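Q: Submitted below is the structure of interest, expressed as structure tokens.
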Amino acid sequence: MPNTKKILTVQNLTEKFKQAKGVIFADYSGLKVSQINELRSKIKKSGGEFEVVKNALLRLAGENSKHEIQNSKLSGPTATLWLYSEDFSPLKAFEEFRKQTELPRIKFGFWGEEEISEEKIRELASLPGISQLRAQLLASLQSPPFRLANALSGNLKKLILVLKAKGGENNLKFKI
């Protein structure tokens, strides 16, 4: 018979499944508690959440939120990375930590209601973040007016250079 703490945990996890844009499951065995806390704080700073959850409770919460989780995929110790926005910063922080420590090992994940593999998760982690995309967009929007102004003033600059070369600098009272 389930106790009230487990019921509340499943309800909380079900709500997280519904709110999250993406969920990544990883095997955290081999990590020290201090490393888990370090990873947890890095992910929290970037807008995500990282927590260790019992597999049975994750399965129940997944069923309640239309995420079918197979028993074979959730075996052993499992940590969950919750991505609440479409910004991949938490996933990038997770992947950066993984590159340094080679842990935790990714099991699988969900993006929306679609199940994604470890390869797809790594591909998503390599995409540029929202702030980087905004900077690239701003640069591309500013580029055409700058090029146009440069092109329009180019002929005038050439004319001034020719006049200076023909008449000498003493005859011209304007500068480039």
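Q: Name, by its number, the condition in (1) part of a helix (DSSP H, G or I); (2) under 25 Å from the mean Cα position of the chain (by Cα); (3) exposed (fewer than 13 other Cβ atoms within 10 Å of the Cβ) that does not hold for residue 5.
A: Condition (2) is where residue 5 drops out.
Q: Something else now. Among the candidates 58, 81, 74, which residue alone is under 29 Å from residue 7 (Cα atoms), touching a residue at least 40 places away in the same chain (Cβ under 8 Å) and part of a helix (DSSP H, G or I)?
A: 58
Q: Follow-up. Residues of region 53-89 being among the hydrophobic types (A, V, I, L, M, F, W, C) and in contact with a helix residue (DSSP H, G or I) (Cβ under 7 Å, 6 or more places away or on another chain), which ones?
A: The answer is 53, 57, 58, 60, 61, 69, 74, 81, 82, 83, 88.
Q: Can I ask one more? Filter region 66-107 down to residues that are on the phi > 0 side of the Ramachandran plot and either at pLDDT below 90 or surrounded by 13 or more Cβ atoms within 10 Å (Cβ to Cβ) (or both), then give me how many there are.
A: Matching residues across region 66-107 total 1.
Q: Could you tell me whether residue 103 is closer than 14 Å to residue 17 by Cβ and assigned by TED's automatic domain parsing to the domain that holds residue 17?
A: Working: closer than 14 Å to residue 17 by Cβ: no; assigned by TED's automatic domain parsing to the domain that holds residue 17: yes.
Against the criterion (closer than 14 Å to residue 17 by Cβ and assigned by TED's automatic domain parsing to the domain that holds residue 17), residue 103 does not qualify.
Q: Pull up region 146-175, narrow it to residues that are of a type in the set (S, T, N, Q) and surrounded by fewer than 10 Cβ atoms within 10 Å (Cβ to Cβ), then point me to the one that is modelled with the highest pLDDT.
A: So, considering only residues that are of a type in the set (S, T, N, Q) and surrounded by fewer than 10 Cβ atoms within 10 Å (Cβ to Cβ), the one modelled with the highest pLDDT is 155.
Q: Name, by its number, the condition in (1) under 30 Å from residue 47 (Cβ atoms); (2) without any contact (Cβ under 8 Å) to a residue 40 or more places away in the chain that does not hold for residue 153.
A: It fails just one condition, (1).
Q: Quick one: which of 17, 25, 50 is within 17 Å of residue 115 (Cβ to Cβ) and assigned to a strand (DSSP E or B)?
A: 25
Q: Picking from 51, 38, 15, which residue would you name as being in contact with a Ser or Thr (Cβ under 6 Å, 6 or more places away or on another chain) and either assigned by TED's automatic domain parsing to the domain that holds residue 110 or over 23 Å from residue 99 (Cβ atoms) (or both)?
A: Step by step, each of 51, 38, 15 is checked, and only 51 is in contact with a Ser or Thr (Cβ under 6 Å, 6 or more places away or on another chain) and either assigned by TED's automatic domain parsing to the domain that holds residue 110 or over 23 Å from residue 99 (Cβ atoms) (or both).
Q: Same structure again: Just the residues that are part of a loop (DSSP other than H, G, I, E, B) and either under 17 Å from residue 29 (Cα atoms) or polar (S, T, N, Q) (or both), please, taken from region 103-122.
A: Within region 103-122, 103, 104, 117 qualify.
Q: Looking only at region 29-45, which residues are surrounded by fewer than 19 Cβ atoms within 10 Å (Cβ to Cβ) and touching a residue at least 12 places away in the same chain (Cβ under 8 Å)?
A: If the condition is that a residue be surrounded by fewer than 19 Cβ atoms within 10 Å (Cβ to Cβ) and touching a residue at least 12 places away in the same chain (Cβ under 8 Å), then 29, 30, 35, 36, 38, 42, 45 are the ones that fit.
Q: Kindly provide the set of residues from region 108-138 that are surrounded by 17 or more Cβ atoms within 10 Å (Cβ to Cβ) and either out of contact with any Lys or Arg (no Cβ under 8 Å at 6 or more places or on another chain) or under 21 Å from residue 55 (Cβ atoms) (or both), ordered by number. Reasoning before the result, please.
A: Of all residues in region 108-138, those surrounded by 17 or more Cβ atoms within 10 Å (Cβ to Cβ) come to 108-111, 116, 121, 124-125.
Answer for region 108-138, where residues must be surrounded by 17 or more Cβ atoms within 10 Å (Cβ to Cβ) and either out of contact with any Lys or Arg (no Cβ under 8 Å at 6 or more places or on another chain) or under 21 Å from residue 55 (Cβ atoms) (or both): 108, 109, 110, 111, 116, 121, 124.
Q: Kindly indicate whether residue 128 is in a loop (DSSP other than H, G, I, E, B) and modelled with pLDDT of 80 or more. If you could, list the steps in order and put the result at the bottom.
A: Details: in a loop (DSSP other than H, G, I, E, B): yes; modelled with pLDDT of 80 or more: yes.
Answer is yes for this residue.
The values are calculated or read from the model by the stated rules, or taken from the named source; none is laboratory data. All values reported here derive from a predicted model rather than from experimental measurement. Heads up, the Cβs are rebuilt from the backbone with ideal geometry, glycines too, and the neighbour counts pull from every protein chain shown.
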